[in-house]
Every structure is written in C-alpha cells, then in structure tokens.
Amino acid sequence: MRNILLMAAGAVVIVLTVLVMFFWHQWLVDQTGGSRFAFGLAGRAFEFGALYGGSWLCVRGWNGRTA
C-alpha cells in the first residue's frame, strides 16, 4: 500500500509542477531584462527540483523500497 501512495504522490507532484509552469510561463515571457533572467533561473530550478522529486517518489514506490 505504501508503494502505491509513493507513486501517487510522485504523480501528483509532477502534474502540479506541469500546471504551475504552464500558467506561470506567460507571466515569465512578459518580463524583460534582468528580472526575466532571474525569474527564468528560479523557474528552471523549481521545475528541475519538483520533477526530480516527483520522479524519485515514483521510482521509489515502483521499486518497492519504502524504508
């Protein structure tokens, strides 16, 4: 049961990350200059961290190691 919860949590994290980045993208494109660069880096770092974490949860659940 714990494995299913880990995989479900990973899927939720991935889907929420995609949704947040989808809606945030237009705001980011409207920025100019240094703020666009800074928010772009922050957005990519958030995207990388959240997608890596979500995939880690999915793989951890799939492999069956919960300890």
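The values are calculated or read from the model by the stated rules, or taken from the named source; none is laboratory data. Here the structure is a predicted model, which is why all the values come from computation and not from measurement. Cβ: placed from backbone, ideal geometry, glycine included. Neighbour counts: every protein chain shown. Heavy atoms of the whole protein, side chains included, go into the accessibility calculation; ligands, DNA and RNA do not. Shrake-Rupley method; radii C 1.70, N 1.55, O 1.52, S 1.80 Å.
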What would the Debye equation give as log₁₀ I(q)/I(0) for the chain at q = 0.18 Å⁻¹, counting only Cα atoms as equal point scatterers?
-0.67
Each label point is 7 Å from the Cα along the Cα-to-Cβ direction; what then is the distance between the points at residue 19 and residue 63, in nm?
2.9 nm
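Counting only C-alpha contacts under 8 Å and six or more residues apart, can you give the relative contact order of the chain as a whole percent?
Working: 53 pairs, mean separation 43.8, N = 67.
Relative contact order, the chain: 65 percent.
Whenever you get a sec, compute what percent of the accessible area on the chain sits on carbon and sulfur atoms (1.4 Å probe). Present the calculation step by step, with values, prior to reporting the outcome.
Details: 3670 of 5000 Å².
Using a 1.4 Å probe with all protein chains present, the chain comes out at 73 percent carbon and sulfur.
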Applying the Karplus parametrisation 6.51 cos²θ - 1.76 cosθ + 1.60 with θ = phi - 60° to the phi angles of the range 24-37, what ³J(HN,Hα) value in whole Hz is obtained for each residue in order, glycine and proline being reported as x?
7, 4, 5, 4, 5, 5, 6, 6, 9, x, x, 5, 5, 5
